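For reference, the structure is listed below as structure tokens.
The values are calculated or read from the model by the stated rules, or taken from the named source; none is laboratory data. If you're wondering where the values come from, they're calculated on a predicted model, not measured in any experiment. In this analysis, Cβ positions are derived from the backbone assuming ideal geometry, glycine residues included, and neighbour counts consider all displayed protein chains.
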Ligand code: BG6
């Protein structure tokens, strides 16, 4: 039931803090991650894997990309993220030391299911991240880490996405613990950051109200670009997917570093560009690089909407609009930056008079290949 909300999507966006909190619940002990779900696999399997392949489709694949950044950083295992349908039909290299992680809200997506079955038959171990108890994909897997986002009704995924990222981060910290690649102290630090995310999302939900006006102003917009770097890159892709799905607008997400290698040719006066800005505290100084990207597109007439850390003074002179997000460690910023983009997709769809929950041509669970 919508319970007073204008759409299921509005309700589900409001539940994003709970989706993260409930997915963490019961999986932290003494500040460390304990995933009992991994027990059937055995610690020796986790200790011996030499590669992880994440398979998923759509929004779930973008969650997988965030998982790659975090798992590689924490557990020092190479991670590839593959669209399930591309992975399945190109004779991929799998061994008994490959861990395949599938991600699916519904647990019924046929493309993902076929990839899981193929991986199992090829001798790889399969762990699935799924939001639906007893679905087909979990039943075909060696282990399941359930996301506890609650049932998601709107076709475009929102709360399931943040829950998937949460589950992948827990998996990354769990594997890092087993393999000893991160000290207990650092694991605890990251766990605490993750546990702080729900309250910060709640804060973003309040401050993002102004996005409704932005959406109203943009009902005739034909094309929107999204730029992000590092963990901001999957968020750029997610923001663009939401606009395609919900508002039927041509939208593209780019890695900000790629701008000068092509996409900057698209920038003409009035082009709307959302930019996900890393924290000015970023240890790799990516902030500076993204700010200079903003200057480059601004000089060519782009209308810049920056999603940036609260108090980031460097973006102010160059952005037409700044959507502030609370301070968080770099892996946790995307869980905050994605919220305004979910709201924006929903508001633009509503402002155009479209069906927010049931966009044309789409189904919540696609059970054909
Ligand atoms: C698509 C939906 O068809 O399936 C996306 O429109 C979703 O929103 C994707 O991300 C994957 O679905 P699932 O259930 O496997 O996570």
Quick one: which helices (runs of 4 or more DSSP H) sit completely within the stretch 1-77 and have at least 3 residues that are modelled with pLDDT of 95 or more? 8-14, 16-24, 59-75
Regarding residue 144, is this residue in contact with a strand residue (DSSP E or B) (Cβ under 8 Å, 6 or more places away or on another chain) and in a strand (DSSP E or B)? yes
Does residue 369 satisfy the condition of being assigned to a loop (DSSP other than H, G, I, E, B) and either over 23 Å from the mean Cα position of the chain (by Cα) or modelled with pLDDT of 95 or more (or both)? yes
I'd like to know if the stretch 304-324 contains one or more residues that are surrounded by fewer than 17 Cβ atoms within 10 Å (Cβ to Cβ) and within 16 Å of the ligand (Cβ to nearest atom). no
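Here's the yes/no breakdown for (1) within 13 Å of the ligand (Cβ to nearest atom); (2) without any contact (Cβ under 8 Å) to a residue 60 or more places away in the chain:
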site	(1), (2)
108	yes, no
113	yes, yes
117	no, yes
121	no, yes
132	yes, yes
140	no, yes
148	no, no
The stretch 311-324, residues that are in contact with a helix residue (DSSP H, G or I) (Cβ under 8 Å, 6 or more places away or on another chain) and farther than 18 Å from residue 283 by Cβ: 315, 318, 319, 321, 322, 323, 324
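Those residues that are within 19 Å of residue 267 (Cα to Cα), in contact (Cβ under 8 Å) with a residue 40 or more places away in the chain and part of a helix (DSSP H, G or I), I need them from the stretch 201-243; list them, please.
Scanning the stretch 201-243 gives 233, 236, 237, 239, 243.
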Only one of 200, 212, 289 is in contact with a helix residue (DSSP H, G or I) (Cβ under 9 Å, 6 or more places away or on another chain), more than 16 Å from the ligand (Cβ to nearest atom), at pLDDT below 95 and on the phi < 0 side of the Ramachandran plot. Can you tell me which? 212
Number of positions in the stretch 327-366 that are in a loop (DSSP other than H, G, I, E, B), more than 13 Å from the ligand (Cβ to nearest atom) and surrounded by fewer than 19 Cβ atoms within 10 Å (Cβ to Cβ): 6
